[in-house]
1. In the stretch A:181-198, what residues are more than 19 Å from A:Arg271 (Cα to Cα) and assigned to a loop (DSSP other than H, G, I, E, B)?
2. With respect to A:Glu206, is the statement that it is free of Cβ contacts under 8 Å to residues at least 40 places away in the same chain and assigned to a loop (DSSP other than H, G, I, E, B) true?
3. Go through (1) in contact with a helix residue (DSSP H, G or I) (Cβ under 6 Å, 6 or more places away or on another chain); (2) surrounded by fewer than 24 Cβ atoms within 10 Å (Cβ to Cβ) and name the single condition B:Met314 misses.
4. If A:Arg177 passes every condition in (1) within 14 Å of chain B (Cβ to nearest Cβ); (2) surrounded by 15 or more Cβ atoms within 10 Å (Cβ to Cβ); (3) touching a residue at least 60 places away in the same chain (Cβ under 8 Å) but one, which one does it miss?
5. I'm trying to understand the selection: among the residues of the stretch B:185-203, which are modelled with pLDDT under 70 and touching a strand residue (DSSP E or B) at 6+ places or on another chain (Cβ under 8 Å)?
6. Taking the stretch B:61-101 as the region of interest, how many residues are aromatic (Phe, Trp, Tyr) and either touching a Phe, Trp or Tyr at 6+ places or on another chain (Cβ under 9 Å) or part of a strand (DSSP E or B) (or both)?
7. Quick check on the stretch A:8-27: of everything there that is touching a Lys or Arg at 6+ places or on another chain (Cβ under 9 Å) and away from chain B (no Cβ under 12 Å), which residue is surrounded by the most Cβ atoms within 10 Å (Cβ to Cβ)?
8. Could you list, in sequence order, the residues of the stretch A:65-96 that are surrounded by fewer than 20 Cβ atoms within 10 Å (Cβ to Cβ), in contact (Cβ under 8 Å) with a residue 60 or more places away in the chain and of a type outside the set (Lys, Arg)?
Amino acid sequence: MKYNINESLDIKYSEGVFKVEERKTGIEFLYQPKLEFVNSFSPDQFEIRFLFNSNVGVSENSIYQLYADQIRIGWIFPIQSLESKEHDYAHNRFYLQYAYVVLYQLIQRMEFREMEYADFRILDYYPEDLHILVYDRENVKKIEDFDLLNYTVSLFAKGYSYCGSGNIFTTLEKIDRHIRIKRLPTSIRDISYINVLFEELIPLEESGYSKFHLIYQIVEILIEPVFKCEIKKIVQDMAAAPNDLFEKRAKLNEITTEKYRVIRLFNNYSRIELQKQEIFNEFCKSLLENNNQKYEERDVGNNLYAVRCLVVHNLYSLDTKSRELLNDLNRSFLDVVLDVLFTFHEI
Amino acid sequence: MRKMSEIYDNRIRSKNFYFETTFGEYLQYAKDLIQNNDLQRKRVKTSQTVYSLLKTDLLHGCVIPPLVLAILGEDDELKNIERGEELQTYIKENREKVLILDGLQRTHTLIAAEAEALEQKRMKEFYAYKLRLEVYIHINKFGVLYRMLTLNTGQTPMSPRHQLEMLYSDMLNQEIEGVTLVPEVKGTAHADKKEFIFKNTIDGFNSYMNRSELPMERQELLENIKMMEKMSSEDISGDIFKKFLEGYIKVFDVLCKKSKPGQLEKERLQEYEIQGNPFAKKVSNAFSTSQAMTGFGAAVGIMKDKELIDGFGMLERVVDDIEKNNSDENDDWFLIFLKNMDRIRNEAKKIGNAQRMYFQYFYRELFNRESDSYADLCQAADKSYKMYDSQVNGS
């Protein structure tokens, strides 16, 4: 979601009142917000981003300080909190400093139209379910090569997304007063399409089939570095012991199969929380059983690959029950994939 | 100023005069009418709007729809006025009683056009242009409000909430039933000393008129229509705002009486697992908020529409029953109430609106003779949360 800055605005804040004038049209108005902001920061030193999070339990009080890689960089709060004195931070000086910056920048992005401004509310111009992430450009200099996009997956894991209604799919950990986000592991950090998936596609409500394909893309992406590692190991083995070539050729054939690499990804290249893994495995088994497909009792990688084959090759045969199962499976799949992403490591 | 006709408005029980006057005559007192009331809305300031085109047209003597004025209150002097000149003199001498019901923006534009005519040295010609005026006399505030809303359907209507505030501004610092209405300046309202913030009472009255506890801050034509429908069923003869306030004060008094004086102790809050800052530590503080008054206004309005009560008059009986049914100086009901407020603060997407809704259900439970919670503070505090929760979460 993008709002462009209206360059022709003059905004001043004093004694609790914003005075806004648009030079282009001559429109001016006074706006007295409910909160008494602290205007000690210069708004142009900060960046804001619009996020969504419509999860159960998210409220006007969902106001958090934001830490990226252990460095405090700013805040995330619902836009509602800017027009209310009822939340826990209505008198918190630190919140009010950042809230001022956000409100200033929101006004900067407004399109003016002819209207009565006596009852002006910022929520008349922005969606009420919006959450704002604001960070200090100075603070993020402490993080090497900072780019907020690198934290897209982590924000998603906390419930926030750039489109849709937030991460309403996976189980979310309970947040205390701080949100701590982190980048993906170094070895996969530069694969920009992972961020694109979480930024633009995965948060959207889709049919079960599309959703499965979108999530499976992450697996497709990650089995690529798995393949490279495995090949590297074979080459190293061959250099160290150039005998048993038949066995090595068979191994080479094996690693070229997608199924093998998916199993390796789940078993050797990541660490999935046991409970999540078991739940996901149960969904895979149920779906496969419902469609008379073979499955392994405990091999989640194997079963995921079997589900993938079922969805890709036999989509037409899925009955109503299977389609419902696929929706449940997708939620669990996303849970598991997030664990895979954050624990991915080369061996 | 020439009188063209005189008609009696049977709905708002007021006499309506129709005059033909000139720009010059009107501008002799128009500026004072605008300055009369500092609550009156700011002009829509823009150089590219229809008002700027209107200004140019006015300089060339265009005809605009009649401006509508109202002279508030009863004044014997007005009864004898027959001629236009007499009324003009009366208006000039009693500017503080005159309100612009319709045509505020046009008046602003006329004043701006006058300044330009002065620059262009065309004053004589400009002042002679004709203008039509309607004047209501012997009109009470409710009639003014009703007419304001029925007339005010222009491009930039003032919100009903704002109009109420403007109209009743003379009640600021006045005492009603021992309660003083004070302006919203930090630290001025002491609920214990029987002071209410004027704006909160207006919020409450607005909620009564709209049958909704939500703050009516956006001007939507729909609001006006809804509000007019409700107003049309009201008895025009009395001052409903005053009745609203008197009713609320009775309830407020009995609630304060049925709680311990002073602030709640920390231990009591802990006992009820109330985390962080409670909504209020005293009944008087909780029930002098905008949330409390809007909830009350909406509750009474809704119950009246459902014919569960016949108006503010019945509150006397309810208050007597609350008095009898609940022991004095007992904090339990208030702690249950605060505990629910605490849950709302932690869970609501819009805390303020959720609190208003909870208040609304609280009063409805308390005032409804058919409810098990009738006049029972503990039950009302408890059951109203269940009502709120089922409304919001469907549980």
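The values are calculated or read from the model by the stated rules, or taken from the named source; none is laboratory data. Since this is a predicted model, take the numbers as computed values, not measurements. Virtual Cβ from ideal backbone geometry, glycine too; neighbours counted across all protein chains shown.
1. A:Asp190, A:Ile191
2. For A:Glu206, the condition - free of Cβ contacts under 8 Å to residues at least 40 places away in the same chain and assigned to a loop (DSSP other than H, G, I, E, B) - is met.
3. (1)
4. Failed condition: (2).
5. Of everything in the stretch B:185-203, just one residue is modelled with pLDDT under 70 and touching a strand residue (DSSP E or B) at 6+ places or on another chain (Cβ under 8 Å), namely B:Thr188.
6. 0
7. Result: A:Phe18.
8. Residues satisfying the conditions are A:Gln65, A:Tyr67, A:Asp69, A:Gln70, A:Ile71, A:Leu96.
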